[in-house]
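Undergrad: Okay, handing you the structure first.
The values are calculated or read from the model by the stated rules, or taken from the named source; none is laboratory data. Only a predicted model underlies this, so the values are computations on that prediction, with no experimental measurement involved. Cβ atoms come from the backbone with ideal geometry, glycine included; neighbour counts cover every protein chain shown. To get the accessible areas, we keep the full protein, side chains included, count just its heavy atoms, and leave off ligands, DNA and RNA. Shrake-Rupley method; radii C 1.70, N 1.55, O 1.52, S 1.80 Å.
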Amino acid sequence: MSYDEMLSAAKKAVSLAARLSNEVRKSLLVSDVWNKSDDSPVTVADYGSQAVVSLVLERELLNEPVSLVAEEDSGELRKIAAETVLARITELVKDTLASDESYAASPLSSDDVLNAIDRGKSEGGPMGRHWILDPIGGTRGFIRGEQYAIGLALLVDGKVVLGVMACPKLPLASTAGNTLKSLPEKVGCLFYGSVGNGTYVQSLSVDSPPVKVEVSSIDDPAKASFFESYHTPVPIHNTIATKLGIKESPIKINSQTKYAALSRGDGEVYLRFTRKARPESIWNHAAGSIIVSEAGGKVTDAAGNPLDFSKGKYLDYKRGIVVTTQKLLPRLLIAVRESIKEEEVEEEKAASLKLH
């Protein structure tokens, strides 16, 4: 199949998964949410979204083998041992697929749903074709009724070649200059991009022509704004921003929605550093990375290297992730390098004091 056909299948899969998530969000039940063994939250929408994407890809790609690298698996779902939860997920998936005329007559059992979820157990890697799925990125945001995203990307021989992202709570109009707190009435965006073809956005809810998007043209770092996740403040983010002369507070957004917002110029910098070194799952960045790069932006690690998605479920990268425009990247990387060095010096001083 051509990349255009695969992109069409991916758009359909993500749009239907977004429809399911919206239905869950309309009347989120206490029983729809629980914590996994690692203490992270998960919902029926996470599992339902993954099942929908898996099933749609299987059918749209003419029953070709689908290698899917995804966040969830049925192990956690089986642990809660609640037949009512599995039945609810199955009904959500059935109703969502039935909303598309081509799937209306397709029977679906709970076992079908579990098998569809478990198709996401692929390890990915440097060879072959692998789909990378974040079924509900920003689950905490989803639970709170804030920003979340559904991201799907295609990895071919270790390179991301296309990506689709649904942002059901993101305004259709650009939010440049505000903090996403006062949202316009028209929300729900579908972003997509493929190698050499640019990035586009269209409405999730109504049939509308796609609009090509590009990153911000701001070339003065002092006028830039930056995104970061909702989490305990990461001191190095503020250090980097100060070195660039950025005075505005960071725009807090859950999930890969930050990539989408940056791709259309809502902000200029997204920093992803953590207090402690930890692996980054490829599904948290795959779709976003190509959406930004095809909009004219740059996605690198702290050393300025492109992100490497070819090593399996986790990124091969150095220290942090930097997302910005081509104009701002050189100065941003200098600020990153200086900030890391200063942090290392402080850590050495602290360690020395402990020894004495």
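Undergrad: Based on the mean of other beta carbon atoms within 10 Å per residue, what is the order of 23-32, 155-164, 281-290, most packed first?
TA: Working: 23-32: 13.3, 155-164: 21.0, 281-290: 26.4.
The densest-packed peptide leads the list: 281-290, 155-164, 23-32.
Undergrad: Then there's this: Work out the length of the dipole vector of the chain about its Cα centre, built from +1 on the beta-carbon of each Lys and Arg and -1 on the beta-carbon of each Asp and Glu, and round it to the nearest 20 debye.
TA: On the way: 42 positive and 47 negative charges, 197 e Å.
Once rounded to the nearest 20, the dipole reads 940 debye.
Undergrad: Please state, to two decimals, what the Cα-based radius of gyration of the range 278-356 comes to when divided by 2.2 N^0.38 Å (N = residues). Could you put the intermediate results ahead of the total?
TA: On the way: Rg = 15.4 Å, N = 79, 2.2 N^0.38 = 11.6 Å.
Computed over Cα atoms of the range 278-356, the ratio equals 1.33.
Undergrad: Which value, in debye to the nearest 20, describes the size of the charge dipole of the range 1-130 about its Cα centre when Lys and Arg Cβ atoms bear +1, Asp and Glu Cβ atoms bear -1, and nothing else is charged?
TA: Values: 14 positive and 23 negative charges, 38 e Å.
So the magnitude is around 180 debye.
Undergrad: What accessible area per residue, rounded to a whole number of Å², is obtained for the range 250-356 using a probe radius of 1.4 Å?
TA: Details: 4820 Å² over 107 residues.
Ligands and nucleic acids excluded, the figure is 45 Å² per residue.
Undergrad: Moving to a separate point now. Indicate, rounded to the nearest 5 percent, the antiparallel portion of the DSSP beta bridges found entirely in the chain. Show your work: numbers first, answer last.
TA: Working: 45 of 52 bridges.
For the chain, the DSSP antiparallel bridge percentage is about 85.
Undergrad: Can you give me the pair-distance distribution of the range 159-280, C-alpha pairs, 5 Å bins, whole percents?
TA: Pairs per bin, as whole percents: 2, 10, 19, 21, 19, 15, 10, 3, 1.
Undergrad: Cα atoms only, the range 68-135: Rg and Dmax in Å?
TA: 13.7, 40
Undergrad: Just how many % of Cα pairs in the range 233-272 lie over 11 Å apart, if you round to the nearest whole percent?
TA: 67 percent
Undergrad: Roll a 1.4 Å probe over the protein heavy atoms and report the accessible area of Ser229 in Å², nearest 10.
TA: 20 Å²
Undergrad: With the dipole of the chain worked out from charges on the C-beta (+1 for Lys and Arg, -1 for Asp and Glu) around the Cα centre, which of Tyr47, Tyr103, Ile246 lies farthest toward the positive end?
TA: Ile246
Undergrad: Please state the relative contact order of the chain as a whole percent: Cα pairs under 8 Å, 6+ residues apart? Numbers along the way, then the final one.
TA: Numbers: 727 pairs, mean separation 54.6, N = 356.
Relative contact order for the chain comes out at 15 percent.
Undergrad: Across the range 187-255, how large is the tail of the calculated P(r) beyond 14 Å, expressed as a percent of all Cα pairs?
TA: Values: 1643 of 2346 pairs.
The share of Cα pairs beyond 14 Å in the range 187-255 comes to 70 percent.
Undergrad: Quick one: pull the percentage of alpha-carbon pairs in the range 106-156 with a separation above 16 Å. Walk me through the intermediate numbers first.
TA: Details: 756 of 1275 pairs.
Above the 16 Å cut-off, the range 106-156 has 59 percent of its Cα pairs.
Undergrad: Can you compute the helix-only [θ] at 222 nm over the chain? Use -39500 (n - 2.57) per DSSP H run of at least 4 residues, normalise by all residues, nearest 500 deg cm²/dmol.
TA: Working: 10 runs with 130 residues, N = 356.
One gets -11500 deg cm²/dmol as the mean residue ellipticity at 222 nm.
Undergrad: Take the alpha carbon atoms of the range 223-254, find their center, do the same for the range 80-134, and report the distance between the two centers in whole angstrom.
TA: Result: 37 Å between the Cα centres.
Undergrad: Based on a Kirkwood Rh over C-alpha pairs, give the Stokes-Einstein translational diffusion coefficient of the range 94-236 at 25 °C and viscosity 0.890 mPa s in µm²/s. Don't skip to the end; give the middle numbers.
TA: Details: Rh = 18.3 Å.
Answer, rounded: 134 µm²/s.
Undergrad: Test of understanding: express the Cα radius of gyration of the chain as a ratio to 2.2 N^0.38 Å, with N the residue count.
TA: Working: Rg = 20.2 Å, N = 356, 2.2 N^0.38 = 20.5 Å.
Normalised Cα radius of gyration, the chain: 0.99.
Undergrad: Further question on the same structure: Can you give the direction-averaged projected area of the convex hull of the alpha-carbon atoms in the range 1-88, in nm²? Write down the numbers at each step before the final one.
TA: Values: hull surface 25.4 nm².
Orientation-averaged projected area of the Cα hull: 6.3 nm².
Undergrad: Among Thr239, Thr324, Thr139, which one shows the highest mean-square fluctuation when the chain is modelled as a Gaussian network with alpha-carbon springs under 10 Å?
TA: Residue with maximal mean-square fluctuation among Thr239, Thr324, Thr139: Thr239.
Undergrad: If one computes the Cα centroid of the range 28-52 and of the range 330-350, what distance in Å separates the two points?
TA: Result: 38 Å between the Cα centres.
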